[in-house]
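To start, the structure under review is shown below, and the notes come after it.
The values are calculated or read from the model by the stated rules, or taken from the named source; none is laboratory data. Treat the numbers as computed from the prediction; the structure is a model and nothing was measured. Methodologically, a virtual Cβ is constructed for each residue, glycine included, from the backbone with ideal geometry; neighbour enumeration extends over all protein chains shown. Side chains are part of the model used for accessible areas, which takes the heavy atoms of the whole protein and leaves out ligands, DNA and RNA. Shrake-Rupley method; radii C 1.70, N 1.55, O 1.52, S 1.80 Å.
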Amino acid sequence: MAELSTNVRYIKGIGETRAKALEKLGITTLRDLISYFPRTYEDRTLTRPIRDLTEGENVCVRAMIAADPTAHRIPGGRPIVRTRAVDETGTLDVVFFNQEYRKNSLHRGEIYIFYGKVEGQRRHQMVNPLLEPEGRQHLTGRIMPIYSLTAGISQLMLTQAVRQGLDACRELLPDVLPDEVRREHRLCYINYAYENVHFPDSPEALTQARRRLAFEELFLLTCGLRLLRSRREDVFGPVCRKVSMDLFYNALPFTLTDAQRRAVEDTIGDMTAGRPMNRLCQGDVGSGKTMVAAACIWFAAQSGWQSALMAPTEILARQHFETLSPLMARLGLTCALLTGSTRSKERRETLAGLAGGTIDLCIGTHALLTGDVQYGRLGLVVTDEQHRFGVNQRAALSQKAEAPHMLVLSATPIPRTLALVIYGDLDVSVIDQLPPGRQKVDTFALGESYRPRVNAFLRKQVQEGHQVFIVCPLVGDGDTLPDERKAVTAYAKKLQEETFPDLRVSVLHGKMKPKEKEKVMETFAAGESDILVSTTVVEVGVDVPNATCMVVENAERFGLSQLHQLRGRVGRGQAKSYCILLSEHPSEETRRRLKVMTRTNNGFEISQEDLHLRGPGDFFGQRQHGLPTLKIADLACDMQLLEEAQSAARALLCRDEDLSRPEHRPLLERVRELFHDTADSMN
Ligand code: ADP
Ligand code: MG
């Protein structure tokens, strides 16, 4: 007897060869198979009169064979069979290539349902249609699933495999949703849901099925995140005394915005509550998240706790060090920088200081995570630019101490509901306000024909004493990415030699050694270079207030949120700043996307658009987060369902906080299964 974990090769009618092919789609178990949901559907319930057909559409036609099929061979030897079919309204030519048997299997006077693509404007024709005798229909007369395929698997084969899979597990599917949840939210039974999501009886049945499955997915996700979280709430966090922040505020060269203050207050609330803080501080580029982190660090230090601040790149770590160490020094705190390129003598001293507790703040890259770094009294871990770090890395750092307070800074302004899912284990503070005096970065989306004017404009900016970023994505042929170093270097060379021989062009790319990168950034920041050509390594955090222009080549290759990040590199000084998005052959879709950038500077609005246009997968590789992937719920459209599922999960967990009641056993097991990877790393 099959189980959901049974390998598909043992399912009746599938076998070894097909199982191999299915594996390419990520399908190995019976559960994988039935959870391989259709990409879309085709309604083959309705047949259309021949007279009303239009070229290019896929339709079903009910028609009678009106002529004996004729067969001949076309040059090259391929057999071709032709016949004619009629209904009350017209005639349809039917042609089969490589299906010689049709000559003898089709008979004048028989009625068939033909399904295929209409060709020919006046006289309609179908080539190699699907056809089934009326009354004996399997692939017509109903709504058919359309699956995403890969080489070696046809639509028909996959459809059949799913059919076998569903038949094999009819008795097996446990309904993980508690009955009362199912009833309260008017969800259908699980068997009905799986059956109808693949082979819907009607559009309404499909809607019901999808709703049930999406709800379940979001419900499980929420339950899992809540369980993870409650586990951590049992833990004691580093205890912080409540002290006035005035000393800190007075040491700053500016007044914090109200939004920054609110975020600081949130964190203080967390750190004095006895449990470890787990907070995401989300704010647009330039909203001043670093100061919120600084406030926390100072606050923790008042109770004797050390802090670690982890940045995704060495450049960024260094920049944080340069901003924060003078401030910390004014406040009487000691600060150290620890990266992959810290010299060993210095490194030894820093390690000693951390272990001995004489260093209050250590700033660095992932080098903060390596085994030999021990902290005497680590109380707070701040991670900057969260999307570069996965759940696992965060967890690794938190293992450096019992359960330190965690603050995550993210410049990816994601819609709140999405944040709830992705960072469901975190509390969220949003900094929805920029420091005063910021100006809008004027943005233009331009085609190739504008290049001479763009170049002239850049030259003018430089002549006025400003600097320019030019970002180019890696553009390769097909699947192979070009050598990053070569591609960017060649581009910069050309720019230097042919376009701007009189200006100083420098290059930055991800393949450079950290030291080299730093050198280039330093030179640029010091104004000793006019134009910096780079890959997206400048995306995060680097501050060069004199840079007024951000040019993005092949802008269509970037997500909107990423473009927004890039744009955030300019407009940091007094001078008017510009962002120019170039794309060679902008499609309608590209034009529409880039237009969003020219219309608004609001990161939240942009991310909302991104979510609608590209789906949530683009925000982060979801895998990177260690959270289960969503297979059917669509966060761009299912926001309301998400809220419903979340409130259902909350209500259930109020009644049975660790899902230990026997009737919740299937639910608990399923949640454990889904969170298998994450749970390990978060314990
Ligand atoms: P991000 O949120 O992108 O990390 P930063 O923390 O780097 O932003 O802050 C961007 C710039 O704004 C920095 O130069 C910082 O000193 C400055 N800044 C931060 N808060 C304020 C404020 N309240 N008033 C004026 N300038 C501020
Ligand atoms: Mg920052």
Let me know the shape class of the range 214-309, please: from the alpha-carbon gyration tensor, a ≥ b ≥ c as square roots of the eigenvalues, rounded when a/c is under 1.5, otherwise prolate if a/b is greater than b/c, or oblate.
-> oblate
Amide H contacts of Ile143 (H built 1.01 Å from N, under 5 Å, at least 5 apart or other chain) | Arg44
The aspartates and glutamates whose Cα lies under 13 Å from the Cα of Lys117, excluding any fewer than 8 residues away in the same chain, are Glu42, Glu55, Glu57, Asp93
Of all C-alpha pairs within the range 46-141, those more than 16 angstrom apart amount in percent to 52
Ordering 121-132, 359-370 by per-residue average of other C-beta atoms within 10 angstrom, highest first, gives 359-370, 121-132
Residue span Tyr249 to Glu448: 0.36 nm per residue of separation minus Cα-Cα distance leaves a gain in nm of 66.7 nm
Provide the gained length on full extension for the span Glu346 to Thr523, in nm with one decimal, where the gain is 0.36 nm per separating residue minus the Cα-Cα distance.
-> 61.3 nm
With every protein chain left in place, what is the accessible area of Glu464 in Å² (1.4 Å probe, nearest 10)?
-> 100
For the chain, with equal point scatterers placed on the C-alpha atoms only and solvent neglected, what are the log10 I(q)/I(0) values from the Debye formula at q = 0.09, 0.12 1/Å, to two decimals?
-> -0.94, -1.31
What is the dipole size for the range 186-324, taken about its Cα centre, with +1 at each Lys and Arg Cβ and -1 at each Asp and Glu Cβ, in debye to the nearest 20?
-> 340
According to a simple spin-label model (label point 7 Å from Cα along Cα-to-Cβ), what is the distance in nm between Glu55 and Asn546?
-> 6.2
On Cα atoms only, tilt of 665-674 relative to the major axis of the chain in degrees | 70
Rounded to the nearest 500 deg cm²/dmol, what is the calculated helix-only ellipticity per residue at 222 nm for the chain, with -39500 (n - 2.57) per DSSP H run of length n ≥ 4?
-> -11500 deg cm²/dmol
Two pseudo-spin positions, 7 Å from Cα along C-beta at Glu204 and at Arg78, lie apart in nanometres by 4.5
Taking a straight Cα-to-Cα line shorter than 19 Å from Lys511, and setting aside same-chain aspartates and glutamates fewer than 8 residues away, one finds Glu314, Asp483, Glu484, Glu522, Glu539
Estimated FRET transfer efficiency when R0 is 45 angstrom, pair Glu110-Glu589 (beta carbons, to 0.05) = 0.50
Cross-link reach list, lysines versus Lys595, counting only Cα pairs under 18 Å and skipping chain neighbours closer than eight places = Lys440
For the peptides 579-588, 651-660, what is the packing order when you average, over each peptide's residues, the other Cβ atoms within 10 Å and list the highest mean first?
-> 579-588, 651-660
Could you look at the chain and say what percent of its accessible area is carbon and sulfur, using a 1.4 Å probe and all protein chains?
-> 49
Rg/Rg_ref, the range 441-600, where Rg_ref = 2.2 N^0.38 Å and atoms are Cα | 0.97
Can you tell me the order of 544-557, 298-311 when each peptide is scored by its average per-residue count of other Cβ atoms within 10 angstrom, highest first?
-> 298-311, 544-557
Relative to the longest principal axis of the C-alpha atoms of the chain, give the angle of the C-alpha long axis of helix 639-655, reported between 0 and 90° and rounded to the nearest 10°.
-> 70
Give me the distance in nm between label points sitting 7 Å out from Cα along the Cα-to-Cβ direction at Ala456 and Glu605, one decimal.
-> 3.1
Could you tell me how many degrees, from 0 to 90 and to the nearest 10, lie between the Cα long axis of helix 258-271 and the main elongation axis, the longest principal axis, of the Cα atoms of the chain?
-> 90
Ignoring ligands, DNA and RNA, what accessible area per residue does the range 524-598 give at 1.4 Å, in Å²?
-> 32
Once all protein chains are kept in place, Tyr375 shows an accessible area at probe 1.4 Å, nearest 10 Å², of 20
Among Lys517/Lys576; Lys493/Lys519; Lys289/Lys345; Lys345/Lys515; Lys493/Lys517, which pairs are too far apart, with a Cα-Cα distance over 21 Å?
-> Lys517/Lys576; Lys289/Lys345
Ranked from the most accessible area to the least, with a 1.4 Å probe and all protein chains present, what is the order of Arg275, Arg459, Arg39?
-> Arg39, Arg275, Arg459
Under-5 Å amide H pairs with Ser429, H placed in peptide plane, nonlocal only | Leu280, Cys281, Gln282
Gained length - Glu464 relative to Tyr491, 0.36 nm times residue gap less alpha-carbon distance = 7.3 nm
